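The values are calculated or read from the model by the stated rules, or taken from the named source; none is laboratory data. Just so it is clear, the model here is predicted, and its values are computed rather than measured. Note: ideal-geometry Cβ built from the backbone for every residue, glycine included; neighbour counts use all protein chains shown.
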Amino acid sequence: MKIRLIAAAAIAASLALPAIAQTVQVGGQPMFPNKTIVANAVNSADHTTLVAAVKAASLVDTLNSAGPFTVFAPTNEAFAALPAGTVDTLLKPENKAMLSHILTYHVVSGTYDAARLRQMIVAGHGEATLKTVAGATLTLSMNGPTNIVVHDGKGGVADVTITDVRQSNGVIHVIDHVLLPAA
């Protein structure tokens with residue numbers, strides 16, 4: 001009887017795991033699936049530059065709205081890899097339109113989790129395209145059996161380093177480079 005109770009408890013615990021597994025750690029903090037993109041991002045130590053940029057571009061309300069959105073979120077290191085002075089220049093009030101254009105180039109309407117992206121890439125014989133909120137196109141491909149890479153309009157490539165960070169209004173995929181539109 002005791003063994004059955006232990007087995008039943010183990011089964012019950014394993015059934016609860018998917019809900020726990022949805023809470024992913026990003027930047028040393030849990031990203032809760034019941035919070036919005038912005039509400040989670042502000043807690044990530046790896047995304048302080050992105051959050052500052054979203055605030056400077058007045059995109060907080062948009063990314064707190066119902067969505068859903070898929071966001072390819074560059075880390076602080078990705079922003080630091082831009083040419084010296086680029087981030088400071090973009091954060092100036094007179095460059096708000098340019099900053100907004102670059103940031104919305106990282107956002108796609110709809111929820112595209114990693115499994116769906118991989119299916120699209122396979123169906124596209126190695127490539128898939130997504131139209132961004134900025135109106136431009138991102139091209140996705142695979143680098144190995146599971147790693148997704150994102151190609152921007154300037155020929156840059158970003159690796160998706162963390163996938164499927166679920167939010168109440170979409171999903172975030174962490175990337176290692178800032179994506180830049182062609183124009």
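What to note about this one:
For every residue, the table says whether it meets (1) in a loop (DSSP other than H, G, I, E, B); (2) of a type outside the set (Lys, Arg); (3) more than 15 Å from Val71 (Cβ to Cβ).
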residue: Lys96; (1), (2), (3): no, no, yes
residue: Val122; (1), (2), (3): no, yes, yes
residue: Leu138; (1), (2), (3): no, yes, no
residue: Pro145; (1), (2), (3): yes, yes, yes
residue: Gly153; (1), (2), (3): yes, yes, yes
residue: Asp159; (1), (2), (3): no, yes, yes
residue: Ile162; (1), (2), (3): no, yes, no
residue: Val178; (1), (2), (3): yes, yes, no
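- Output for the stretch 153-173, where each listed residue is within 27 Å of Asn43 (Cβ to Cβ) and in contact with a Pro (Cβ under 8 Å, 6 or more places away or on another chain): Ala158, Arg166, Gln167, Ser168, Asn169, Gly170, Val171
- Among the residues here, Ala97 does not qualify as touching a Pro at 6+ places or on another chain (Cβ under 7 Å) and aliphatic (A, V, I, L, M).
- Residues that are among the small types (Gly, Ala, Ser) and surrounded by 15 or more Cβ atoms within 10 Å (Cβ to Cβ) within the stretch 96-125 comprise Ser100, Ala114, listed in sequence order.
- Listed by first and then second residue, the pairs with beta-carbon distance under 8 Å, at least 6 apart or on different chains, first residue in the stretch 85-107 and under 21 Å from Leu130 (Cβ atoms), second surrounded by 14 or more Cβ atoms within 10 Å (Cβ to Cβ) and of a type in the set (Phe, Trp, Tyr), are His106/Phe72; Val107/Phe69; Val107/Phe72.
- Scanning the stretch 108-131 for residues that are farther than 16 Å from Thr163 by Cβ and in contact (Cβ under 8 Å) with a residue 40 or more places away in the chain yields a single hit, Ser109.
- Residue within the stretch 84-93 that is in contact with a His (Cβ under 9 Å, 6 or more places away or on another chain), small (Gly, Ala, Ser) and either at pLDDT below 90 or farther than 23 Å from Ala41 by Cα (or both) present: no
- Tally of residues being crowded, with 16+ Cβ neighbours inside 10 Å and part of a helix (DSSP H, G or I) across the stretch 81-94: 2
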